[in-house]
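Structure, as structure tokens:
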Amino acid sequence: MKSPLLTLPGAVPAEGVDEGVAAHYGDLFREQRALADGTGFVDLSHRGVVTVSGAERLTWLHLLLTQHVSELPPHRATEALILSANGHIEHVLYLVDDGETVWAHVEPGTQEALIGYLESMKFFYRVEVADRTADYAVVSLPAGSITEVPEGTVVRETPYGRDVFLPRADLERFAEQAGPPAGILAHEALRVEQHRPRLGFETDHRTIPHELGWIGGAVHLEKGCYRGQETVARVQNLGKPPRRMVFLHLDGSEVHLPTPGTDIRVADDGPEGRRIGFVTTSVRHHELGPVALALIKRNVPVDARLLAGDTAAAQETVVEP
């Protein structure tokens, strides 16, 4: 879905998964600094929006999600996963309940598969699942923003800012008074700085929540049964995940960033050494310089110097080995 904000001055369209919104508006570092200072906004209108309504919505979702939501208070933001039977991550929902309806935004293009799964699990529960992507756009306001949102608008407030579920018809009008726009690249740079994983970026077909630090944040360890819980409990109680997410400080003298999927090796083993992981997201940060998130084997020493392709990298622990 192509955003009307791509007509704003300086807008350069994003590519790949984030196609449909602006990658940046002409000055990546200025946009990052604005967000870090609590000003401006990010157009996330390409993300999917799904709602669940009905008297039994929270009880029903509690059976399906990794998060404890049966008693979720109105207006309290949370995030949750849907796992496969083997405990691998299939969906990530960033949700909030407004007292009558649960609102969630999800990765672009994943809402259809999510709704298909939810519909298959309705049985006799009194719930209604709807794709609201065509009607609502997500806008991100950074932490500290004083931008006012229209009365009655659903807002998901987190330590990182506010996710606003804005009627799509109001998007351009909201942008006029929300401060300078920042592109998805600025948003991604701050996400990497904050060590926050993203579905389809830090995940692959075999990722389990423990590898990305989602235990506690998106996975509640003291709730009832859900699909994939056996794997979560077994790894939590009896073992360790095979991989762990790390934050990488990359050699700033390199012109090009290592792309997602770039092999990571232990530097002492040289460029022909054994592959021990791969880059998941790489960005240029306005203060930290070139940095990245990566998945590496759990038993790699935390003080090991690494190579991301040909680029030297120092690791910072995100998930303990």
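Points worth noting:
- Using C-alpha pairs under 8 Å with a sequence gap of at least 6, the mean separation divided by the residue count of the stretch 50-124 gives a relative contact order of 29 percent.
- The largest accessible area among Val69, Val12 belongs to the first residue in Val12, Val69, and the rest follow in falling order (1.4 Å probe, all chains).
- Trypsin sites (Lys or Arg not before Pro) within the stretch 159-224: DSSP coil, no more than 16 neighbouring Cβ in 10 Å: Arg206, Lys223
- Report summary: the helix-based calculation at 222 nm, which adds -39500 (n - 2.57) for every DSSP H run with n ≥ 4 and divides by the residues of the chain, gives -4500 deg cm²/dmol.
- Taken about its Cα centre, the stretch 14-120 carries a charge dipole of roughly 200 debye when the Cβ of each Lys and Arg holds +1 and the Cβ of each Asp and Glu holds -1.
- Measuring nothing but protein heavy atoms, the accessible surface of the chain at 1.4 Å probe radius is 50 percent carbon and sulfur.
- Rounded Å value of the spacing that divides the Cα centres of the stretch 67-126 and the stretch 146-200: 20 Å
- Its Cα centre serving as origin, the stretch 139-280 has a Cβ charge dipole (Lys and Arg +1, Asp and Glu -1) of approximately 660 debye.
- Solvent-accessible surface (1.4 angstrom probe) belonging to Thr101, in square angstrom, nearest 10: 30 Å²
- Heavy atoms of Glu100: accessible area, 1.4 Å probe, square angstrom to 10: 140 Å²
- Ala314-Gln177 FRET efficiency (beta carbon distance; Förster radius 51 Å; 0.05 resolution): 0.75
- Cα shape, the chain, gyration tensor, a/c 1.5 rule: oblate
- Here's the picture: charge each Lys and Arg Cβ at +1 and each Asp and Glu Cβ at -1 in the chain, and of Ala14, Gly161, Val318 the one pushed furthest to the positive end of that dipole is Val318.
- Taking Arg76, Arg244 and ordering them by how much accessible surface each has at a 1.4 Å probe, largest first, produces Arg76, Arg244.
- Each Lys and Arg adds +1 at its Cβ and each Asp and Glu adds -1 at its Cβ; summed about the Cα centre, the chain shows a dipole of about 820 debye.
- When the Cα positions of Tyr136, Leu35, Val291 are compared along the charge dipole of the chain, Val291 comes out farthest toward the positive end, with charges on each C-beta of Lys, Arg, Asp and Glu.
- Note on the chain: dipole from Cβ charges, positive end direction compared against Thr66, His195, Pro108; the farthest Cα belongs to Thr66.
- Going by accessible surface with a 1.4 Å probe and the largest first, Glu151, Glu31, Glu287, Glu316 read Glu151, Glu287, Glu316, Glu31.
- Contour minus Cα-Cα distance for Leu6 and Leu238 (0.36 nm per residue): 78.5 nm
- Accessible area expressed per residue, the chain, with surrounding protein chains retained (probe 1.4 Å, Å²): 46 Å²
The values are calculated or read from the model by the stated rules, or taken from the named source; none is laboratory data. This structure is a prediction, so every number in the text was calculated from the model and none was measured. No Cβ is skipped: glycine too gets one built from the backbone with ideal geometry, and neighbour counts run over all protein chains shown. With ligands, DNA and RNA removed, areas are computed over all heavy atoms of the protein, side chains included. Shrake-Rupley method; radii C 1.70, N 1.55, O 1.52, S 1.80 Å.
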